[in-house]
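The values are calculated or read from the model by the stated rules, or taken from the named source; none is laboratory data. This is a predicted model, so every value here is computed, not measured. In this analysis, Cβ positions are derived from the backbone assuming ideal geometry, glycine residues included, and neighbour counts consider all displayed protein chains.
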Amino acid sequence: MPAPQLPDAEVLCAALIEAMRPHVDPAITALVGIHTGGVWVAERLHTALGLKIPPGSIDVSFHRDDYHQRGLHANARASQIPFDVEGAHIVIVDDVLYTGRTIRAAMNELFDYGRPARVDLAVLSDRGGRELPVAPTWCPHAMALPAAQMLALERADDGRLSFRLMEK
């Protein structure tokens, strides 16, 4: 079976920015990126959309439903939410949407900080395979991948984003 054509992450970032632009208010919209790829995308969106509220980052390690099996990830980081979550309009940002479990964990972590007025989801690519009823508000790309493969976002030294296909 031939390898699937990988999407251009830079093109997807541009498409995501344009899809979101008419729907976000730069004065009141806050972005929270999920470590690590989601943080990179959130930083890009924040700058391009001219958002006033500094972006946050979430590490979902403690809210994963498989935490008891996997333990703490070696690269776990503290979440950084530099704004008041209570009553805020927040967009959770991730690179690739798969089962929905990471997004569920991110929402649990976010609600530990307060109760937002609204939560949306922006992702670069939806690779299918949902296990929970989670759907992105904005997503410029969808593809089907076998469960044994993973679409991984990488960032070069110059900041350019690209996807790589990995075997699990």
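Figures for the structure shown
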read-out: All positions within the range 37-57 that are buried (at least 18 other Cβ atoms within 10 Å of the Cβ) and either outside any helix (DSSP H, G or I) or in contact with a Leu (Cβ under 8 Å, 6 or more places away or on another chain) (or both); value: Gly37, Trp40, Val41, Ala42, Arg44, Leu45, His46, Leu51, Ile53, Pro55, Gly56, Ser57
read-out: Any hit, the range 103-110, residues being over 19 Å from Val24 (Cα atoms), of a type in the set (S, T, N, Q) and surrounded by 20 or more Cβ atoms within 10 Å (Cβ to Cβ); value: no
read-out: Considering residues of the range 58-82 that are modelled with pLDDT of 95 or more and part of a loop (DSSP other than H, G, I, E, B) only, the residue farthest from Thr137 (Cα to Cα); value: Pro82
read-out: Failed condition for Ala42, given (1) closer than 18 Å to Asp158 by Cβ; (2) touching a residue at least 40 places away in the same chain (Cβ under 8 Å); value: (1)
read-out: Check on Val32, at pLDDT 95 or above, within 15 Å of the chain's Cα centre (by Cα) and not in a loop (DSSP other than H, G, I, E, B); value: yes
read-out: Subset of the range 129-168 [of a type outside the set (A, V, I, L, M), part of a loop (DSSP other than H, G, I, E, B) and within 27 Å of Phe62 (Cβ to Cβ)]; value: Gly129, Arg130, Glu131, Pro133, Pro136, Thr137, Cys139, Lys168
read-out: Gly114 being part of a loop (DSSP other than H, G, I, E, B), within 17 Å of the chain's Cα centre (by Cα) and at positive phi; value: no
read-out: Unique residue being closer than 18 Å to Ile53 by Cα, in a loop (DSSP other than H, G, I, E, B) and among the β-branched types (Val, Ile, Thr) when the list is Val85, Val119; value: Val85
read-out: Filter pass, Asp25 being at pLDDT 95 or above, out of contact with any Ser or Thr (no Cβ under 6 Å at 6 or more places or on another chain) and among the charged types (D, E, K, R); value: yes
read-out: Residue in the range 9-24 that is more than 15 Å from Val91 (Cβ to Cβ), aliphatic (A, V, I, L, M) and buried (at least 23 other Cβ atoms within 10 Å of the Cβ) present; value: yes
read-out: Boolean, Val119 is β-branched (Val, Ile, Thr), in contact (Cβ under 8 Å) with a residue 12 or more places away in the chain, touching a Pro at 6+ places or on another chain (Cβ under 9 Å) and surrounded by 15 or more Cβ atoms within 10 Å (Cβ to Cβ); value: no
